[in-house]
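Okay, structure first, notes after.
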Amino acid sequence: MTHPTQNTPVIPFTDNTSHDTEPTTANTPAIQLPTTGMGRAKDILPFLPFSKTTLFEWSKDGRFPAGRKLSPTMTAWSYADVHEWLNSHTSITSEV
């Protein structure tokens, strides 16, 4: 069986793309931790430097503000308490 030779043109890859296709942050607002109200673990974990397991352990032993049980399976933390904790720990680590 013979293979036909390829007579198709070679298309060079050049960077002539428009900069209009690059993603921008103008349409996506920055995610911030609210200052009032309460949030569940999934709401506050993106702002904390530890895991969900550590969040619950530290809340239980006092190293992090205690959560409030909203139901037998739902715990929430005060955003104000989380901000206070973050600010107190940020000022300590920024002095290093």
Per the filter on region 35-70, residues within 15 Å of Ser88 (Cβ to Cβ) and assigned to a helix (DSSP H, G or I) are Phe47, Trp58
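Please go through region 47-74 and give me each residue that is of a type in the set (Val, Ile, Thr) and more than 20 Å from the chain's Cα centre (by Cα), ordered by number.
First, the residues of region 47-74 that are of a type in the set (Val, Ile, Thr): 53-54, 73.
Across region 47-74, the qualifying residue is only Thr73.
Read-outs: derived from the displayed coordinates by stated rules, not from any lab. Not measured: the values here are computed from a predicted model. Ideal geometry is used to build each Cβ from the backbone, glycine not excepted, and the neighbour counts take in all protein chains shown.
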